[in-house]
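**Student:** Here it is, the structure in full.
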Amino acid sequence: MKTIVVGAGFTGVRLSRALLAAGQQVVVIDRDAERVRDVSAQLDCTVLHAEGNSLSVLEQAGLASADALVAVSSSDEVNVITCALADAIRHDVLKIARVRNYEYYADAVAVSAKLAATANGRRPVFGIDWMVNPDVEAARVLSQTLAHGAVGDIQELGNDYGIVTLRVGGDAPIVGRPLRTLDSVPGWTFLIAYVESGDGSRLPSGETVLAAGDRIGVLAKISEMEAVAVLCDSRADVATGLLVVGAGQVGSLVVSSQRARVGGSTFGRLLGWRRSGASRLDVTVVDESADRCRSVSEQYRGVRVLCGDVTDANLVAEEGLGRCDVALAVSENFDRNLIAAAYLKSHGVGRTVALTASADAAGMAARLGVDVAVSMDATVVDGIMSHLRGVNVLSVHTVCGGAYEIVECTVPRDAKASGKPLKELELAGRALVLMAHGAGGGSVVPRGDTVIEPGSTLVLIVPSGDRRIVSAFAGDGR
C-alpha cells in the first residue's frame, strides 16, 4: 500500500513512521526546507520539498499509484484543497484531512450527513472521505475515560468490552502471584493484555508476576470496569464532582458531553457519547481568560465557572477544588496541563487526567502522580491509522508509549489464520489474541484450541507495526 502524507510536522512524522513500520510505501511532502532535511534524515522514504496543494506535486509524488492521501499540514485550507485536487482526478484514492477549525469541521460533518441521507452516490464534501479534528478526537477519549471513573486509559471494543490501563496498588490481591494462578483470586475473571514496569513493557505469560506500581492493561466487560479497578486496588468511585481546567474547545466539548449524559446535545452526539445511569456531575470550569469564562458561563447554565489560575493555592482552598472527584487539565498548554494535574492531585483531587502533546509524556505523567495522560497526537494518529491498515482493520490503539498496538480486525476467508486453532499459529511471546466475536454473535476470550472462524472479529495486541501478524488474521487487502 502506498500513502502520500502532506505535512511533516509532529503528527505527519509520527504517522509516516507508523506506516513505514507497517510495511507501507510512504511519500512525504512539506514546504519547509529545514523540516524536509530533518525528516529525510529520520525516515527511510521519499520526502519532497514542495507545496502539497499542487496537482503537479501530487502527480510527482505518485498520486496515480497511491492508495491513500493524508493531509496533516499546519493549514486547514491546504489540507482541504489538497484532498479536493486529488479527488478531481482520483476518486478511488482514500483521502483524509486534519481540520483544526472546529466550526469548519462541524459544518462539513453536518453537510456530509445530509448528503449521505439524501443523495446516494454523491461525492463527500470536498472529496474528503474522512475529516479528523484533534479537539473532537481528544474530547471523545477524555469523555470515554471519564465515563469509567477516570481509573485509567480506556479503549472501548464494540458495545460490551474494553481495555483499561490501571496502576496496580500495593494492597491488590493480584500482587506477587504468577498470572496462571489468578483464577484462584475471588472475583478475578479478566485477561491481562500487557504489563508496564520499571524495566519496560511486555506481553505477559502465565509465569509473569505483578508488582505494586506496575501498569497493566486489562480486558473486561464495560460493566465490570469498576470491579477490575477494585481488584487492582485502583479506586473507581462514581464521580459527582468534575473540575475542568481549560475553557477552550476541548474543555467545552467535554463539559457538553457530561451534560449530554443527562440532557442531550449536538456536541454529545458528535462525540458519540453513550448515555449512562450515573448521577449528574457538579461541573466546575477554571480558566485564566475572562472572555472564555464568560462564553462557557453563557453556553452552559448550571456550570460553575471560575476565572483564575488553578495552581493558585488561595483559589484552590477558597473554592474547595481539592474536594473534586476528578480533574481534567485540557488547556492548549500541554506542559501546563501536567503541572496543573499533579498540583491538584497533591491538593486532594481523587483522580487527575492531563491532555498532553504526545504519548512520550505518559511516563512523565505517571512519575508526577497523574492518573491518566491522553495524548492529542496519539488520538489523531490512531484514528488515521485505523483507516490505513486495510479494509479488515477496524481500529488501532497504541499502548505502552507506542511499543504495542491493540488491533481490532475482521478475518477474511483467505487469511492465513482462518480455520486454524490458535495453538498452531505460534504466537507465544509475539502477540496475544485477546477476544473473538463470532460471525454469528457472541464474544469469547480464546484459548489455544479456539478455531479462528472466517468472518469473526478479533482483538489482538501486537508489537507496533508488525504487519506479518496482523495480516495473518486480517489478510493483505485494502
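The values are calculated or read from the model by the stated rules, or taken from the named source; none is laboratory data. Remember, it's a predicted structure, so these values are computed and weren't measured experimentally. So basically every Cβ, Gly included, is an ideal-geometry build from the backbone, and we count neighbours across all protein chains shown. These accessible areas exclude ligands, DNA and RNA; they are computed on the full protein's heavy atoms, side chains included. Shrake-Rupley method; radii C 1.70, N 1.55, O 1.52, S 1.80 Å.
**Student:** Give me the 1.4 Å probe accessible area per residue for the chain, excluding ligands and nucleic acids, in Å².
**Tutor:** Counting only protein heavy atoms, the per-residue value for the chain is 43 Å².
**Student:** Let me ask something additional. How large is the charge dipole for region 384-478, taken about the Cα centre, if only the Cβ atoms of Lys, Arg (+1) and Asp, Glu (-1) carry charge, to the nearest 20 debye?
**Tutor:** Magnitude of the dipole: close to 120 debye.
**Student:** Right, next: Would you mind calculating the relative contact order of the chain from Cα pairs under 8 angstrom and at least 6 residues apart, reporting the percent as a whole number?
**Tutor:** 11 percent
**Student:** Still on this structure: Hey, what's the per residue convex hull volume over the C-alpha atoms of region 358-402, in cubic angstrom? The partial results should precede the final answer.
**Tutor:** On the way: hull volume 2.7 nm³, N = 45.
Convex hull of Cα atoms, per residue: 61 Å³.
**Student:** Right, something else. With label points built 7 Å along Cα→Cβ from the Cα atoms of A33 and L55, find their separation and express it in nm.
**Tutor:** Taking the two extended label points, one gets 2.9 nm.
**Student:** If you don't mind, there's one more thing I want to ask. Sort largest first and round to whole Å: the equivalent ellipsoid semi-axes of region 36-96, each the square root of five times a Cα gyration tensor eigenvalue.
**Tutor:** Ellipsoid semi-axes (Å, largest first): 20, 14, 10.
**Student:** Taking 0.36 nm per residue of sequence separation and subtracting the Cα-Cα distance, how much length would be gained by fully extending the chain between E77 and V391, in nm to one decimal?
**Tutor:** That pair, E77 and V391, stretches by 110.2 nm at full extension.
**Student:** I've got another one for you. Determine the share of the chain's accessible area contributed by carbon and sulfur atoms, expressed in whole percent, with a 1.4 angstrom probe. Display every interim value, and only then the final one.
**Tutor:** On the way: 9760 of 20390 Å².
The C+S portion of the solvent-accessible surface of the chain is 48 percent.
**Student:** What is the distance, in nm, between label points placed 7 Å from the Cα along the Cα-to-Cβ direction at S289 and at D309?
**Tutor:** Spacing of the two 7 Å Cα→Cβ label points: 1.9 nm.
**Student:** Put +1 on the Cβ of every Lys and Arg and -1 on every Asp and Glu Cβ in the chain; which of Y105, V374, L94 then has its Cα farthest towards the positive end of the dipole?
**Tutor:** L94
**Student:** Need one number: the % of Cα-Cα pairs in region 164-219 sitting beyond the 19 Å mark.
**Tutor:** 14 percent
**Student:** Using only protein heavy atoms and a 1.4 Å probe, report how much of D183 is accessible, in Å² to the nearest 10.
**Tutor:** 140 Å²
**Student:** Computed FRET efficiency, Cβ-Cβ of A227 and V444, R0 22 Å: what is it to the nearest 0.05? List each step's numbers first, then the result.
**Tutor:** Details: r = 20 Å, r/R0 = 0.89.
Approximately 0.65, to the nearest 0.05.
**Student:** In addition: What does the charge count around T208 come to, taking other residues whose C-beta lies under 11 Å from its C-beta (Lys +1, Arg +1, Asp -1, Glu -1)?
**Tutor:** +1
**Student:** Under unit Cβ charges (Lys, Arg +1; Asp, Glu -1), what dipole magnitude, rounded to 20 debye, does the chain have relative to its Cα centre? Could you put the intermediate results ahead of the total?
**Tutor:** Details: 46 positive and 55 negative charges, 196 e Å.
Using only the charged Cβ atoms, the result is roughly 940 debye.
**Student:** Per DSSP H run of n ≥ 4, the term is -39500 (n - 2.57); total these for the chain, divide by its residue number, and report the mean residue ellipticity at 222 nm rounded to 500 deg cm²/dmol.
**Tutor:** Mean residue ellipticity, 222 nm, calculated: -9500 deg cm²/dmol.
**Student:** A follow-up question, please. What does the net charge come to around S346 if you take all other residues with beta carbon closer than 15 Å to its beta carbon, with K and R at +1 and D and E at -1?
**Tutor:** +2
**Student:** From the gyration tensor of the Cα coordinates in the chain, what semi-axes in whole Å does the equivalent ellipsoid have, largest first, with each one equal to sqrt(5λ)?
**Tutor:** Each semi-axis is the square root of five times an eigenvalue, giving 34, 31, 21 Å.
**Student:** I want the local charge near G402. Using Cβ-Cβ distances under 11 Å, sum +1 for each Lys or Arg and -1 for each Asp or Glu among the other residues.
**Tutor:** The answer is -2.
**Student:** If packing is taken as the mean number of other Cβ atoms within 10 Å per residue, what is the order of 126-132, 59-65, highest first?
**Tutor:** The most tightly packed comes first, giving 126-132, 59-65.
**Student:** Of the listed peptides 192-202, 161-171, 374-384, what is their order by residue-averaged count of other C-beta atoms within 10 Å, with the highest listed first?
**Tutor:** Averaged packing, sorted descending, gives the order 374-384, 161-171, 192-202.
**Student:** Give the cross-link partners of K423 among the aspartates and glutamates, using a straight C-alpha distance below 12 Å as the criterion and excluding same-chain residues fewer than 8 apart.
**Tutor:** Straight-line reach from K423, under 12 Å: D449.
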